[in-house]
Amino acid sequence: MSEDRARLCALPSRYPRVFAAGPLPWGFEHGDGWCALLEDLCETINTLLLEEPDASVSTLQVKEKFGALRFYCRYASMSQALATRITTAIRSAEDASSQICEQCGQPAQRHAIRNVMTALCASCLAQRALLEDESL
Ligand SMILES: [Zn+2]
């Protein structure tokens, strides 16, 4: 397991109020390159939760879809105002993800590889292209 993957796997125990339903059933279903993005997002949500002691977030699924992050969760015991701010933080991380290489974390663009949208930097894209050629 890479160091980034280990850091991702540690998030549910680091932020129990963000993962109130426990660890993700399917883990973090995206590349290691989004590790720092997820760490920042969990830290932001956790800080926002400090405003309301009873509030919690049950994060249910975190995955890649169409070259961008999808963060699915449920809120409990929180005001509408706090829910709105947490939703804004999640949307902003989801938007940012499409410009962060899912593989290595460097600045990236979304590319269609065999009709599948993927957020990759130029060097990971070149590597992916080589692998695809070899598999033909
Ligand atoms: Zn990359």
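The values are calculated or read from the model by the stated rules, or taken from the named source; none is laboratory data. Computed from a predicted structure; not experimentally measured. Backbone-built Cβ (ideal geometry, glycine too); neighbour counts: all protein chains shown.
In the list Thr118, Thr84, which residue meets the criterion of being under 29 Å from Val18 (Cβ atoms), at pLDDT 95 or above and either in contact with a Cys (Cβ under 9 Å, 6 or more places away or on another chain) or of a type in the set (Ser, Thr, Tyr) (or both)?
Within the list Thr118, Thr84, the selection yields Thr84.
What tally of residues in region 79-136 results from selecting those that are within 30 Å of Glu51 (Cβ to Cβ) and more than 16 Å from the ligand (Cβ to nearest atom)?
17
Mind listing whichever residues of region 19-31 are touching an Asp or Glu at 6+ places or on another chain (Cβ under 9 Å) and touching a residue at least 40 places away in the same chain (Cβ under 8 Å)?
His30, Gly31
Given the criteria more than 16 Å from the ligand (Cβ to nearest atom) and either modelled with pLDDT of 95 or more or at positive phi (or both), does Glu52 qualify?
yes
Which of the residues spanning region 32-84 are without any contact (Cβ under 8 Å) to a residue 24 or more places away in the chain and small (Gly, Ala, Ser)?
Ala81, Ala83
Taking Glu132 as meeting all but one of (1) out of contact with any helix residue (DSSP H, G or I) (no Cβ under 9 Å at 6 or more places or on another chain); (2) surrounded by 15 or more Cβ atoms within 10 Å (Cβ to Cβ), write down the number of the exception.
Failed condition: (2).
Can you name the number of the only condition in (1) loosely packed, with under 13 Cβ neighbours inside 10 Å; (2) without any contact (Cβ under 8 Å) to a residue 24 or more places away in the chain; (3) closer than 27 Å to Ala126 by Cβ that Gln99 fails?
Gln99 satisfies every listed condition except (1).
Answer yes or no as to whether Leu38 is within 16 Å of the ligand (Cβ to nearest atom), touching a helix residue (DSSP H, G or I) at 6+ places or on another chain (Cβ under 9 Å) and closer than 30 Å to Cys124 by Cβ.
In short, no.
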